[in-house]
1. How many of the residues in region 266-288 are part of a loop (DSSP other than H, G, I, E, B), surrounded by 19 or more Cβ atoms within 10 Å (Cβ to Cβ) and touching a strand residue (DSSP E or B) at 6+ places or on another chain (Cβ under 7 Å)?
2. When you go through 177, 228, 249 one by one, which is the residue that is in contact with a strand residue (DSSP E or B) (Cβ under 6 Å, 6 or more places away or on another chain), within 22 Å of residue 275 (Cα to Cα) and surrounded by 20 or more Cβ atoms within 10 Å (Cβ to Cβ)?
3. Which residue pairs have Cβ atoms under 7 Å apart, sit 6 or more places apart or on different chains, and have a first residue in region 399-416 that is touching a residue at least 60 places away in the same chain (Cβ under 8 Å) and on the phi > 0 side of the Ramachandran plot and a second that is part of a loop (DSSP other than H, G, I, E, B) and surrounded by fewer than 18 Cβ atoms within 10 Å (Cβ to Cβ)?
4. Scan region 371-401 for residues that are under 18 Å from residue 248 (Cβ atoms) and assigned to a loop (DSSP other than H, G, I, E, B) and jot them down.
5. Taking the condition touching a residue at least 24 places away in the same chain (Cβ under 8 Å) and either assigned to a helix (DSSP H, G or I) or farther than 16 Å from residue 207 by Cβ (or both), does residue 361 pass?
6. Please go through (1) surrounded by fewer than 24 Cβ atoms within 10 Å (Cβ to Cβ); (2) under 18 Å from the mean Cα position of the chain (by Cα); (3) modelled with pLDDT under 95 for residue 297 and return the number of the only condition it doesn't satisfy.
7. I'd like the residue in region 411-432 that is touching a helix residue (DSSP H, G or I) at 6+ places or on another chain (Cβ under 8 Å) and over 30 Å from residue 208 (Cα atoms) and, out of all such residues, is surrounded by the most Cβ atoms within 10 Å (Cβ to Cβ).
């Protein structure tokens, strides 16, 4: 992404942090949102969106195309985008994906199948069928480990599967949960090691359910769980969990080709509990790669606050009604999810929703894979190192740490990243029967 010269000079001269989180929200947050609005006006391309712009272009088309339960026709480009990330075609079916290896060559089968999740209780009925599950000792089967330089300019070195395991950056703990860590060596001369993984399985339409106990948090961190298609932004991108530093409120965002919009920014009209940030045009090319995002109202939906309640469940629904993101704290996970028979119609208002009425979900999104990553600093977390005004960031990281730059803090304070880890119970992907 390139910023127009005049706007770039204006951003630099005014000293505003480049952060897509700084945008107009609810009127009741007038003071903080005034700062967000000013920052938005002075930035043609926000720093977090530099990340999504580059990361999407570097993802090659996944090997398995699944289109279960789709009633609307859609077009899929045959081109693969950007740098190949190590995918190999599956031999057959949806459960024959290769396991991740250091070279990306096929390995043993995933060991997951449509019968690997919880059996639906007779009390619940669901139109959603489990087609892929990642949980327990086999969690890391069926993912490709990204081991290339971070496209978002983070001070991380993503490592392959073998190095992640031998370096204790990935493991399965005593509770049977998957762990993905950042290296905590006290001082490093280069980049800190971290993990980024992407499913070999791909899907067009579906219900992606993440059950996480803990997510990375702390100054300098930038974790995300997201869903992405080929030929960014043609295949679309859905950011399900994302934030930086000590933020407490999650932001969900979509990025698309021109023609996808939110019909309104009014929360009642959208039937959402979150706040629209950054406008209603979701086209990357027309919004400086910003897309259209929604910030959650729940102050325990991200970071340390999320971890303190034992985490919870995120669900991304993609069907003929559009795309929606739901969040449930650990104490209020719907029983139908626990029973393996999810029924989104009973879940109430979503945190974020992009209705099909103004964004055809099978025209603007296709062939997605799910991705975890944790970068450090980079275009977003580093860009707001000295900023305040977002929930959880009432004091800047520069003030909190006493270190003037994110990069210096990361290099010299390994112990500060003891909380920079994902602990995931499961990722389950459902599609309509």
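The values are calculated or read from the model by the stated rules, or taken from the named source; none is laboratory data. Bear in mind that the values here come from a model prediction, so they are computed numbers and not experimental data. For neighbour counting, all protein chains shown are included, and Cβ atoms are generated from backbone atoms with ideal geometry for every residue, glycine included.
1. Residues meeting the conditions: 5.
2. 249
3. none
4. Passing the criteria: 384, 385, 387, 388, 389, 390, 391, 392, 393, 394, 395, 396.
5. It is false that residue 361 is touching a residue at least 24 places away in the same chain (Cβ under 8 Å) and either assigned to a helix (DSSP H, G or I) or farther than 16 Å from residue 207 by Cβ (or both).
6. Tallying (1) surrounded by fewer than 24 Cβ atoms within 10 Å (Cβ to Cβ); (2) under 18 Å from the mean Cα position of the chain (by Cα); (3) modelled with pLDDT under 95, residue 297 fails exactly one: (3).
7. Here the answer is 416.
Let's see how each residue does on (1) modelled with pLDDT of 90 or more; (2) touching a strand residue (DSSP E or B) at 6+ places or on another chain (Cβ under 6 Å); (3) over 30 Å from residue 409 (Cα atoms); (4) in a loop (DSSP other than H, G, I, E, B):
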site	(1), (2), (3), (4)
110	no, no, yes, yes
133	yes, yes, yes, no
165	yes, no, no, no
190	yes, no, no, yes
